[in-house]
Amino acid sequence: MSAIAAEAARDFTFIRPRKRRLTEYEAVTVHQQPEPGGFDPAGWYLLTPEGRPAWKSDSTRLDHSDWFAFRDPAALWQRTYVRLQAEQERSIERASEDAAESGLLAAMDPDWLNRVVAGPYRMWSFFEYALFRAFAPASREALSDTLGNALCFQGFDHMRHAQAIVLHLLVIETARTDFQDRNAKARWLTEPAWQPLRRLAEQLIATEDWAELAVAVNLAVAPILSRLVVGGLVGRGAALHGDPVSALIAMTAERDRRRNQACGVELVRMVMAEDLPSRAQNRSVLEEWIATWTRRAREAAESLAPVFAAAPAPIPAFDAFYAEALADRAKLLADLGLAGGGQAA
Amino acid sequence: MHDLVEAHDRVKDFDWAPSYVEKPNRYPTKYKIPNRTKDPFRHLIRDYCSMEQEKDDRQYGALSDVIARANMPARASQRWTEILKVVLPVTSFGEYAAMKSSGQLIDTVDNAELRQGYMAQMLDEVRHVNQEVYLARYLARHSRDPEGFDRGYKLRGSNMFTRAGRAALEGFFVGDPIEGALNLQVVTETAYTNPIFVAMTEVAAMNGDQATPTVFLSVQSDEARHMANGYSTLAAIVSNPDNLPHLETDFNRAFWRQHAFLDPFLGAVYDYFQEERGTSYFEKWQEWVAEDWAGAYIARLEPFGLKAPKHFEGAAERVKWSGHTAAMFAYAAWPLQFWRFDPMTERDFDWFESKYPGWYGLYGKFWEEYRRMCDPANGTIPLSLFESLPPVCRVCHMPCILPRPDLSAMRVREHGGRKHALCSDACEEFFLQEPHRYQAAPTFFEEYDGIGLADFIQANGLLRADGKTLMAQPWLNEDRMWTIDDIRALNIVIRDPLHDLPAEART
């Protein structure tokens, strides 16, 4: 038998698949980042002038012997990710065109437009932008390719949402003579109502531990705050106020949020695996993070109660929706065996 | 429909200076970057995703449909296909490093316009990694000899050339983020992606390989945006005169670090793995790097104080021969590699002599001898033609025989109680500026010093699925392939040549 054309070498043999067969996602993702403890024994070929290497093993307080074992539950690689977002954006763009053509945008309740879409939802676009900013260095620093790519996609998700909100308002402007999306930045920077949210945004941008960011956003901030604002106020309110485009944008953002939450859950499960020696240490770090970021997320969320109150009826009641978000989040943490979420409202 | 200019103006208005919590200085930079430069592509995610999806559909569709059904990869030139086993693991690390570079630029450069461009680039780079790895897997499935394609990403950690690739390409993101942008966008993407992704596709297509051009041209379609990112970044930097001294130093180093690996590597790939022959790497270099990049692109920035890199002329001299020398060294050390080599023929000799007058006198003897050493029955490998092996440069990790053994500027220096081989004035200059940056990784010879060649091959997984035939072969003859027993019989031990070289006093 010729040593050429061995069937054994007809697929990648250097990746250990999670399941029985190597997936396309695993094939194009795993072991692209060098790993001194793995295939790259020489370590780092260049240091920064300050002496840091390409990646730092202490870039997170969580401990794991093999970050490359992480798998994105959605198994996204660039092609499938871009396809997903192109489809979501195409549906928004078409809905937006149709809403403009059919007169829906012109007929939209001005109170809804001014007090929700151009108000808290527009302010939320800055928060999403902050998340994009926060995830860029987290993606840079993550200790494996599977983690870094998932965090990169999440950063892009947040920027997509921020842009979709702004573009929606721009289309509304062209459809109506009585509305302009003005002074949004100044309101974000100065109006007292948004300052707790802005403080939280800046805390997230300043978070240096990439795993802390992923846990903070996906298991504390988004399940409470995004769920409340995007899923609740905008998502449910828009449907009641003749604004199908905002409802659609919010639904796509919620879809992204659930996907990222599943990634966060996967990360937690990975560092709390039964056979991991650092399991207890990881649990303690995770619970500390959850407690800190839950407190911050709740402060920001509760500061938005007056925004709900000021929104035109019919609107989901803040208390009921907040309680629902907290209860769902408590169940999520309970399923993971984690404390630190605080009491439900 | 949204007005793109207006939409873009609003999107860039997301940035604000934090007032509650100070952002950590994650990636220290020496540069002052004014907030007044443009992202010429006005990226909106909506349009970006739609455009990239269409390109993906075309590229992956072509690979899975016509090219695979017509069994094209298996019919492409074997000589050419073999070198893709090492090219793809090198280029995709460059893409991965570029993704990280973009991430730290987003964090560092307080300029909303540029952030938009870096954001799209970050996702483009994930795209390129995925595309190039997909191609390697595709070739494992469809090419005649899959061995090497199936595990090149593992083997690159222990290969002397891919390690040098790492050393150069880590420059994209290990250091001042602006230094990274100079390495990535200004030097590699602007000067070298045309030779890599355009010129190489010409060779691939001439040699029956349609899969690589399908992928590489799709990659290159994103590069214009990255070059624009580089130009915008550079334009912002040169607009502040305080930046110029740093810029000169970093730009000199960025150019040399990329040249020191890319030119010998690409030259060897381009000139020695073409079977159906066209232009030479040197001709392409003149066109893309000398004329378009140094002659037009950099010259345009000269009024702002940017000069051609200090070592550009020296590099231009080296390019003529460095690919030949790197190829000779790679062929001579074939058992250490993970691809097969095809000996040069009389027809190749004629082409080389016409493209590089004087080539035969310098390299002809080696290739004549090489052909006699391909058959394992003769019991020798071409490393035996060399009295001694060159050490590896501490900075660029390339063998210290470039550009040509008789023109080598290698010197050995002692620093911090260790000996360091340095291949050139430039590598020595950069080493002396910041010696601590280059000493974390051992060179290939330092790492494997004292290990038997056969043991190296076994330990590093360089055997085929049958467990005895070498993955690398000095020729494409499938009936007389080298086995681990043939290598063991040679009784060769890897030795670090630096041991036998005295450290000279610095002059």
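The values are calculated or read from the model by the stated rules, or taken from the named source; none is laboratory data. Just so you know, these numbers come straight off a predicted model, no measurement behind them. Positions of Cβ are generated from backbone atoms using ideal geometry, with glycine treated the same way; all protein chains shown enter the neighbour counts. Ligands, DNA and RNA are excluded from the accessible area calculation, which covers all protein heavy atoms including side chains. Shrake-Rupley method; radii C 1.70, N 1.55, O 1.52, S 1.80 Å.
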#### Entry: Over the stretch B:275-327: Rg over Rh, Cα atoms, Kirkwood Rh
1.08
### Cα→Cβ-extended label distance, 7 Å offset, between A:ASN183 and B:THR380, nm
8.8
### Protein accessible surface hidden between A and B, which excludes ligands and nucleic acids, total in Å², probe 1.4 Å
8800
### Query
If packing is taken as the mean number of other Cβ atoms within 10 Å per residue, what is the order of B:96-104, A:36-44, highest first?
B:96-104, A:36-44
### Task
Kindly state, to the nearest 0.05, the FRET efficiency for A:ALA193 paired with A:ARG16, given R0 = 60 Å and r defined as their beta-carbon distance.
0.75
### Summary
Quick calc: nm separation of the 7 Å Cα→Cβ label points for A:ALA8 and A:ALA309 -> 7.3
### Task
Only loop residues by DSSP count here, and only those with at most 16 other Cβ atoms within 10 Å; note down the GluC sites (Glu not before Pro) in the stretch B:405-507 that meet that.
B:GLU478, B:GLU504
### Inter-chain Cβ neighbour average for residues B:101-108, partner chain, 10 Å
5
### Residue range of chain A that is longest and free of trypsin sites (Lys or Arg not before Pro) which are both DSSP loop and sparsely packed (at most 12 other C-beta within 10 Å)
A:183-345
## Note on the structure
FRET efficiency (A:GLU288, A:ARG236; Cβ distance; R0 41 Å; to 0.05) is 0.80
### Accessible area (Å², per residue) of chain A, counting only protein heavy atoms and a probe of 1.4 Å
36
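Which helices pass in chain A if a helix is a full DSSP H run, must span at least 20 angstrom along its long axis by Cα, and must have mean Kyte-Doolittle hydropathy not below 0.0? Provide the component values of the computation, followed by the final result.
On the way: long enough: A:78-101 (34 Å, -1.39); A:122-141 (30 Å, -0.09); A:145-175 (44 Å, 0.53); A:244-271 (40 Å, -0.04); A:279-303 (35 Å, -1.07); A:318-336 (27 Å, 0.42).
Taking the DSSP H segments of chain A (at least 20 Å long, mean hydropathy at least 0.0), we get A:145-175, A:318-336.
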#### Entry: Number of partner chain Cβ atoms within 10 Å, mean per residue of B:161-169
2
### Query
Given B:LYS12/B:LYS55; B:LYS284/B:LYS320; B:LYS85/B:LYS154; A:LYS19/B:LYS100, which pairs have Cα atoms separated by over 19 Å?
B:LYS12/B:LYS55; A:LYS19/B:LYS100
### Query
How do A:SER91, A:SER102 rank by accessible surface area computed with a 1.4 Å probe, from largest to smallest?
A:SER102, A:SER91
### Query
How well do other chains shield peptide B:262-275, expressed as the mean number of their Cβ atoms within 10 Å of each residue Cβ?
0
### Task
For the stretch B:249-258, just list the computed ³J(HN,Hα) in residue order, Karplus coefficients 6.51, -1.76 and 1.60, θ = phi - 60°, integers in Hz, with x standing in for Gly and Pro.
4, 5, 5, 4, 5, 4, 4, 5, 4, 6
### Message
Skipping prolines and chain starts, which residues have an amide H placed within reach, meaning under 5 Å, of the one on B:ARG340, given they are 5 or more residues away or on another chain?
### Response
B:GLN473
### Message
Can you give the longest run of chain A that contains no GluC sites (Glu not before Pro) sitting in a DSSP loop with at most 12 other Cβ atoms inside 10 Å?
### Response
A:51-273
### Task
Heads up, I need the accessible area for B:PHE329: 1.4 angstrom probe, whole protein in place, Å², nearest 10.
10
### Percent RCO, i.e. relative contact order, over chain A, from Cα pairs under 8 Å lying at least 6 residues apart
21
### Task
Pop out the carbon and sulfur fraction of the accessible area of the protein assembly as shown as a percent, whole number, probe 1.4 Å.
51
### Task
Please state the charge dipole magnitude for the stretch B:30-111, taken about the Cα centre, from unit charges on C-beta atoms (+1 on K and R, -1 on D and E), reported in debye and rounded to the nearest 20.
320
### Task
Convert 37 °C to kelvin, take the viscosity as 0.692 mPa s, use the Kirkwood radius over C-alpha pairs of the stretch A:219-288 as Rh, and evaluate the Stokes-Einstein diffusion coefficient in µm²/s, rounded to a whole number.
239
### For the protein assembly as shown, calculated [θ]222 nm from helices alone, where every DSSP H run of n ≥ 4 adds -39500 (n - 2.57)
-16500 deg cm²/dmol
### Query
Of B:LEU501, B:LEU217, A:LEU213, which has the most accessible area and how do the rest follow, probe 1.4 Å?
B:LEU217, B:LEU501, A:LEU213
### Task
Keeping every protein chain in place, order B:MET410, A:MET270 by accessible area at 1.4 Å, biggest value first, i.e. largest first.
B:MET410, A:MET270
### 1.4 Å probe accessible area per residue over the stretch B:278-386, in Å²
39
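To two decimal places, what compactness ratio does the stretch B:242-312 give when its Cα radius of gyration is scaled by 2.2 N^0.38 Å?
Taking the Cα Rg and dividing by 2.2 N^0.38 Å, one obtains 1.32.
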#### Entry: Cross-link partners of B:LYS468 among aspartates and glutamates (Cα-Cα below 15 Å; sequence separation of 8 or more within a chain)
B:GLU147, B:ASP455, B:GLU478, B:ASP479, B:ASP485, B:ASP486
#### Entry: Cα-projected label distance for B:PHE304 with A:LYS331, points at 7 Å along beta-carbon direction, nm
5.6
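Which value, in debye to the nearest 20, describes the size of the charge dipole of chain B about its Cα centre when Lys and Arg Cβ atoms bear +1, Asp and Glu Cβ atoms bear -1, and nothing else is charged?
Values: 56 positive and 73 negative charges, 135 e Å.
It works out to roughly 660 debye.
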### Span from the the stretch B:54-84 Cα centroid across to the the stretch A:1-54 one, whole angstrom
22
